[in-house]
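Report on the structure given below.
What follows is calculated from the coordinates using simple rules that are stated; it is not laboratory data. Here the structure is a predicted model, which is why all the values come from computation and not from measurement. Glycine also receives a Cβ, built like all others from the backbone with ideal geometry; neighbour counts cover every protein chain displayed.
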Amino acid sequence: MPSLKNAVTHRMSSRGIDPLALFGQHDSCLRTIESEFDAKIIVRGEDVIITGEEAEVQQAASTLRQLMRSVQQGHSYEVNDIIRATRSIKENGDDAKPFSGESLDIMSRREQIRARGPNQQKYVEAVRKNDIVFSIGPAGTGKTYLAVAMAMSALRRREAERIVLARPAVEAGESLGFLPGDPQEKIDPYLRPLYDALHDMAPTNKAERLIEDGTIEIIPMAYMRGRTFNSAFVILDEAQNTTRAQMKMFLTRLGANSKAIITGDVTQIDLPEDKVSGLVHVQQVLNRIKGIAFVYLTETDVVRHRLVQDIIKAYEKVEEKEKN
């Protein structure tokens, strides 16, 4: 409940907008905005009344205006979308871009996949305009998921003949030798996030069929040497765990009529301390080449549980203090 001292009131109309789509089940969307801005929001008929400190009220009203435009355009959203919108408005004020991004022609098990937030929209646009795109950001920002969705979309539109998904198998505190199974079974856990994203976008039998006939290939990084990928959509995930030589090797596998997306989080490098991350190094080497784009996602783009944003921020503060 906001303090009544210096409180101001702002009234806006929701006329012509579906209340359930705008306010959420049991007004969950409004309660989320209240908690983010420390403002009190009351609905009376078609009027929405916001009360609180002036700055908080203005930002809450900006968020509601974005939501209203989104619903009028036929978009649906979740609580996490609203949290991203509120935090974008806190950082950028009225210059914050609408959080309902472009929809892809691919469905997940729940809904049509779309860019969630302005940075994810930049990501989608960068892939459309460039043949090589680096997507760099913290965990949970949709780097891998969107990459797989865009690859599936390209396959569906016949812009690519196949998809290649790769990941480095780096020993993050565990030795592969102590894991059970044959070499392929030891590698599979590293590739599981790619399988998970794929199976969320295609029925299990279809996904398995595409893998069996070679239309989709999921491989560890080590198996790429000496190959050339033509007419392919190639994704390298967890690229922060590649060395400089591995990154160069991957980038030079790209053949004619192909695209590549390289994703990674430079704050989660599992390489030995004496090894330089290929993802860190490549930003200095390729940042001015036409046809190559770098897209940076932040904690405001997190699409996992709403607390993940706060967890990332808390760790960033501690790491910043340790640097100083």
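Grab the beta carbon distance between Thr252 and Val8, set R0 = 56 Å, and tell me the FRET efficiency rounded to 0.05. Taking R0 as 56 Å, the efficiency between Thr252 and Val8 is 0.40. For region 135-156, the residues whose backbone nitrogen is under 20 Å from a point 7 Å from the Cα of Lys206, taken along Cα to Cβ, are 145-156.
Taking a 32 Å limit on the Cα-Cα distance, which of the listed pairs Lys290/Lys317; Lys143/Lys275; Lys90/Lys143; Lys290/Lys323; Lys90/Lys248 fall beyond it? The pairs that break the limit, which is 32 Å between Cα atoms, are Lys290/Lys317; Lys290/Lys323; Lys90/Lys248. Determine the shape class of region 2-46: with a ≥ b ≥ c the square roots of the Cα gyration tensor eigenvalues, call it rounded for a/c under 1.5, and otherwise prolate if a/b is greater than b/c, oblate otherwise. Note, shape of region 2-46 comes out oblate. Stretching the chain fully between Ser108 and Val43 yields a gain of 20.0 nm (0.36 nm per residue, less the alpha carbon separation).
Semi-axes of the equivalent ellipsoid for region 192-257, computed as √(5λ) from the eigenvalues of its C-alpha gyration tensor and ordered from largest down, come to 23, 15, 9 Å.
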